[in-house]
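The values are calculated or read from the model by the stated rules, or taken from the named source; none is laboratory data. As the structure is a prediction and not an experimental result, all values here were calculated from the model. We place every Cβ from the backbone using ideal geometry, glycine too, and count neighbours over all the protein chains shown.
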Amino acid sequence: MTMIKESFHVKQGDMTTAGDASARIKRQCKQLGIPASVVRRVSVGTYEAEINLVIHANGGRIDFAVEPEKITIRVVDDGPGIPDLEKAMTEGWSTASNEVRNLGFGAGMGLPNMKRNADAFDIKSEVGVGTDITMVFNI
Amino acid sequence: MTIREIARILDARWLCCEEEADNPVRYAFASDMMSDVLAHVGEDTMMLTGLINSQSVRTAEMLDVPCLIFVRGKEPHKDAVQRAELIGLPTLMTNLSMFEACGKLYAAGLEPSPLGALNGGDDDDDD
């Protein structure tokens, strides 16, 4: 039984609204009474993914689904794709511009941090096609 | 330590939510890189930063930090303070440098955020 299913569209390049989708997802999790430690992991993982959509992709979509035992966050974009996934999953490796670094991101912690926070993490990426990430959080 | 004590130690000015001044804070983490904050901040951890755009507040929001301090006398962007007000995040600014602010709080007994308790924490062997 799915308790909540919702999709959020994230705009490219707009750092003033980056985080809106994550904040709404966080609020819904809290309202459902999901334990704070789980809400925190969902929030961090989703926010990292949302920032990536804004700074690396052409924006994209975040699907949020809550079931009795798990929360699933799927993040899909049709951006440039990641040429070397292994490198991108390495802490400290980043292709972010200086402009992005000035905004406080691009330390090369995003994907590793998503993986660390999720109970299951899957990423598919193809250059010129896009990236598709699924994070599952057990409740 | 309460936020009120922290404000006194740092000679900090309140930007919003002063009514929360008696809330307790146990740990602190300081960085201008939000990616690092997201990777290292655990529970009950206040945040010090020189990053004055709204992403500092957004990051604090995701982590439920009890208090946010802007250092180096940098006036944060209007939308950052508005967001902090909206979500009820106690926010202050100090003219002290990051180094001095952290030094004073550490000397007063505030503990470092345990890096081993990374979110999702499977890196318990970090020091």
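With the structure loaded, tell me whether A:Arg101 is within 14 Å of chain B (Cβ to nearest Cβ), part of a helix (DSSP H, G or I) and at pLDDT below 90 or whether it fails that test. Even if it seems obvious, please write down each step before you answer.
Numbers: within 14 Å of chain B (Cβ to nearest Cβ): yes; part of a helix (DSSP H, G or I): yes; at pLDDT below 90: yes.
Answer is yes for this residue.
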Unmet criterion (only one of (1) over 11 Å from the mean Cα position of the chain (by Cα); (2) at pLDDT 90 or above; (3) within 12 Å of another protein chain (Cβ to nearest Cβ); (4) buried (at least 18 other Cβ atoms within 10 Å of the Cβ)) for A:Val66: (3)
Residue list for the stretch B:25-39, filter: at the interface with chain A (Cβ under 10 Å from one of its Cβ atoms) and either in a loop (DSSP other than H, G, I, E, B) or crowded, with 24+ Cβ neighbours inside 10 Å (or both): B:Ser31, B:Asp32, B:Met33, B:Met34, B:Ser35, B:Val37, B:Leu38, B:Ala39
From B:Arg72, B:Arg13, B:Arg8, residue being free of Cβ contacts under 8 Å to residues at least 12 places away in the same chain and away from chain A (no Cβ under 12 Å): B:Arg8
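For every residue, the table says whether it meets (1) among the hydroxyl-bearing types (Ser, Thr, Tyr); (2) part of a loop (DSSP other than H, G, I, E, B); (3) surrounded by fewer than 24 Cβ atoms within 10 Å (Cβ to Cβ).
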| residue | (1), (2), (3) |
| --- | --- |
| A:Thr17 | yes, yes, yes |
| A:Arg24 | no, no, yes |
| A:Ile34 | no, yes, yes |
| A:Val39 | no, no, yes |
